[in-house]
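Visitor: Have a look at this one before I ask anything.
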Amino acid sequence: MNLKNKSTWLTIIIALGFFAFLFGWTIWQFHFNYMVAAYDTIFHSQRIYEIRLAFQSHHLPSWVNFNTFFFTGQAINGMYPDFTLWPFVLLTNFLTPIHQIIAIRTLIALASFIVTFLSLNKRFNSHNAVMAAAIFALSGSVLKDLTGEMQSGTAIIMIFIFPIFFTFKEIIQSQQLDKKLIIKTALLMTIVVNSHLLSAITLGIVVGIFLIVNTVIKHNFKAWLNLLIAAILTIILSLPIIYRVMTISKTGLLSPFGKGNITSPTVLGLISNLAWDSKATISLTTAILLVVSLIGLRKNNWRNVLPWYLVELVLIVLSTDIFPWKLFNNVPIINNFQVANWRFGIFIGVIPIILILKTFKKSLASIILLIMVIISFPMATKTAIHNQHFMADDAVVVTNNTQKQIPQNNVVKLSSTGINSDKIMRSLLPDYSPNTTPLQQGTDGMFLDQSIIYLLSNHLGQIQNKELALYPTTSTDSVTWSGKNIPSGKISLPTYGYKSLDYQVTVNGKKVPYSLNQYSLITVKTKKMHHASFKINWLTPKIYYVLLAFSLLIFILLGISLFII
């Protein structure tokens, strides 16, 4: 590296500026000793907390959540891909729970910057690459996950989104069997599958559209072969999560809210609320870069940028009501999309950055990107401050001593002792519950019925039409419900049982048979006791360990092979 070169110094200064911003944000967040949280931030925080406790007890994370989500044994961690989250949790497990989540958000943003820079640096000069990476990480989806609503699965995908887009373009246009490209595609798609399943479907739809168009125009079928082999490798590498999801699903699960009713905004709705950290809509950064790239469009560069404009157009169309989503309300898997722009909108901010780099000459692109970088730092700072205080200054600080229930849509200040609080009603949700669980009518599957909420939120056992107060003690793979003055009869415990999973149930240390009641709550026969401890232990299938070891080994070997081929 030539340190006398001005562009080298610019690269270093911008990189150091970004690191300083991240460091400053992290220290600022640490000093609060709580994290502003609502909606999906609470959901993903509890997922991380469950993984944290498993690693601290030297276990693999459980499929069912006994330490979080009201200790109901709900199969949230089992149904939600989390393997790419494990390294971030392991790296930060020495921190307190809230500091850990803040650090994970920082690490994801840092990784997004580094991987984006490395990917762009292969194709463009370093100072333009570092400025583009900074703009990407200081706005839109990345900034939203850092300072606003956190969705860890899609956030991890955004780390690799530039390599993913470039690799997909290469494989769609490939004209011969390319082993290296196949392996690269498979590894990247494995990361996507093991982070967020619906994003894998989303990207697959976009790739499929352009693969068909390219085949019709160029009559090239080698790309199909490359993609087919890459897909087979992806399936092999993703066997643990596929096995996990299929096994749990055999029980029969509640559909996600809005299943069979995919909604999408108008084009005006997609752009009407421009913000610096917009995620599922067009961000202010995206809008500026798109307009600038269109102004700079020249006839002699049209062919070079046309594919990227088409990708952006497809993403926008699929994010809005221009696309006839109603026709797909009964198509399996796709009918789980809920809101179309949640699935496609997060990728809209990627293409304008590529367009700036490809549309303008290096020197002019540098000026445009430098202006955007200068704007990005104060805008990101303003956004972070806004997200910390807006609607949150009067929010409740949730600790283990919090007694009052927090309504579904309230913002909270989440502390380390309150991260798995059973007072946050947002974490008592239908997701991945057995399909016998009653739902509140008229909510399109969004909320549980009050009858089951009453039992689960108050930790009540039911016996002889009576409710008994029970008290939980949890571990990675088990929950123990303790109660006093238990009458004889069949008692239903406030824990879900999944028919396709294996459990061991004991009463005061003695193994007993169990059944499931009409709500799929675990039920056991008991005799009259002054004190009883009902322990429910989930048993991990042994084949799961085999699949994990096998897939990890293949992933490592394929990763090494990229440097050999």
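Visitor: Pick out, in residue order, every one of the trypsin sites (Lys or Arg not before Pro) in region 482-553 that is DSSP loop and has at most 15 other C-beta atoms within 10 Å; say none if there are none.
Guide: Answer by residue number: Lys499, Lys527, Lys528.
Visitor: In whole percent, what relative contact order does the chain give with Cα contacts below 8 Å and a gap of six or more residues?
Guide: It rounds to 18 percent for the chain.
Visitor: Is the shape of region 450-539 best called rounded, prolate or oblate, per the rule: a/c under 1.5 gives rounded, else a/b larger than b/c gives prolate, else oblate, with a ≥ b ≥ c the square roots of the Cα gyration tensor eigenvalues? Show your work: numbers first, answer last.
Guide: Details: a/c = 1.36, a/b = 1.09, b/c = 1.25.
Since a/c stays below 1.5, the shape of region 450-539 is classed as rounded.
Visitor: Another question, then. Treating the angle as unsigned and between 0 and 90°, give the value, to the nearest 10°, between the Cα long axis of helix 222-237 and the longest Cα principal axis of the chain.
Guide: Orientation of helix 222-237: about 30 degrees from the principal axis.
Visitor: Taking the Cα centroid of region 21-62 and of region 125-140, what is the distance between the two, rounded to the nearest whole Å?
Guide: Taking the Cα centre of region 125-140 as reference, the centre of region 21-62 is 27 Å away.
Visitor: Oh, and also: Using the crude model of +1 on Lys and Arg Cβ and -1 on Asp and Glu Cβ, and no other charge, please compute the dipole size for the chain relative to its Cα centre, in debye to 20.
Guide: On the way: 42 positive and 19 negative charges, 191 e Å.
That gives a dipole near 920 debye.
Visitor: Please label the shape of region 208-273 as rounded, prolate or oblate, based on the square roots a ≥ b ≥ c of the eigenvalues of the alpha-carbon gyration tensor (a/c under 1.5 means rounded; beyond that, a/b larger than b/c means prolate, else oblate).
Guide: In terms of gyration-tensor shape, oblate.
Visitor: Give me the dipole magnitude in Debye, nearest 20, for region 255-360 about the Cα centre, with unit charges on the beta carbon: positive for Lys and Arg, negative for Asp and Glu.
Guide: So the magnitude is around 260 debye.
Visitor: Exactly which trypsin sites (Lys or Arg not before Pro) in region 313-375 are in a DSSP loop and have at most 12 other Cβ atoms within 10 Å?
Guide: Filter output for region 313-375: Lys361.
Visitor: Determine the distance separating the Cα centre of region 286-365 from the Cα centre of region 184-255; give it in Å without decimals.
Guide: Between the Cα centres of region 286-365 and region 184-255 lies a distance of 21 Å.
Visitor: Hey, another quick one. List, in the order given, every pair from Lys144/Lys169; Lys484/Lys511; Lys122/Lys358; Lys184/Lys218; Lys184/Lys222 whose Cα-Cα distance in the structure shown is over 21 Å.
Guide: Lys144/Lys169; Lys184/Lys218
Visitor: Excluding same-chain residues fewer than 8 positions from Lys361, which aspartates and glutamates have a Cα within less than 12 Å of its Cα?
Guide: In chain and number order, there are no partners.
Visitor: Compute the relative contact order of region 473-565 as a whole-number percentage, counting only Cα pairs closer than 8 Å that sit 6 or more residues apart in sequence.
Guide: 35 percent
Visitor: Multiply the residue separation of Val213 and Asn304 by 0.36 nm, subtract the distance between their alpha-carbon atoms, and state the gained length in nm to one decimal.
Guide: On the way: separation 91, 0.36 × 91 = 32.76 nm, distance 1.71 nm.
My answer for the length gained is 31.1 nm.
Visitor: Just the accessible area per residue of the chain, please: how many Å² with a 1.4 Å probe? Intermediate results must be reported in sequence, preceding the final value.
Guide: Numbers: 24730 Å² over 565 residues.
So the chain comes to 44 Å² accessible per residue, rounded to a whole number.
Visitor: Right, next: Out of the total accessible area of the chain (probe 1.4 Å, heavy atoms of protein only), what percent is carbon and sulfur?
Guide: Taking all protein chains in place, the chain shows 65 percent carbon and sulfur surface.
Visitor: Right, another one. Kirkwood hydrodynamic radius, computed over distinct alpha-carbon pairs, for region 255-360: how many Å, to one decimal?
Guide: The answer is 14.6 Å.
Visitor: Using alpha carbons only, how many degrees (0 to 90, rounded to 10) separate the axis of helix 40-56 from the longest principal axis of the chain?
Guide: The angle comes out at about 70 degrees.
Visitor: Could you give the distance between the Cα centres of region 423-447 and region 472-535, to the whole Å?
Guide: Cα centroid to Cα centroid, the span is 22 Å.
Visitor: Using the alpha-carbon atoms, what tilt in degrees (0 to 90, nearest 10) does helix 284-295 show relative to the longest principal axis of the chain?
Guide: Relative to the chain, helix 284-295 is tipped by roughly 20 degrees.
Visitor: Mind checking which aspartates and glutamates have their C-alpha under 18 Å from Lys499, skipping anything on the same chain fewer than 8 residues away?
Guide: Asp431, Asp477
Visitor: Moving to a separate point now. Normalised by the residues of region 255-360, what does the relative contact order come to in percent, with Cα pairs under 8 Å and at least six apart?
Guide: Here the relative contact order equals 48 percent.
Visitor: Treating cross-link reach as a plain straight distance, find the lysines whose alpha-carbon is under 21 Å from the alpha-carbon of Lys259, omitting any fewer than eight places away in the same chain.
Guide: Lys250, Lys326
Visitor: For the ranges 400-409, 125-134, what's the packing order if you count other beta-carbon atoms within 10 Å of each residue, average per peptide, and put the highest first?
Guide: 125-134, 400-409
The values are calculated or read from the model by the stated rules, or taken from the named source; none is laboratory data. Predicted, not measured: the structure shown is a model, and the values here were computed from it. Note that we place each Cβ from the backbone using ideal geometry, even for glycine, and neighbour counts take in every protein chain shown. Quick note on the areas: whole protein, heavy atoms, side chains included, nothing else; ligands and nucleic acids left out. Shrake-Rupley method; radii C 1.70, N 1.55, O 1.52, S 1.80 Å.
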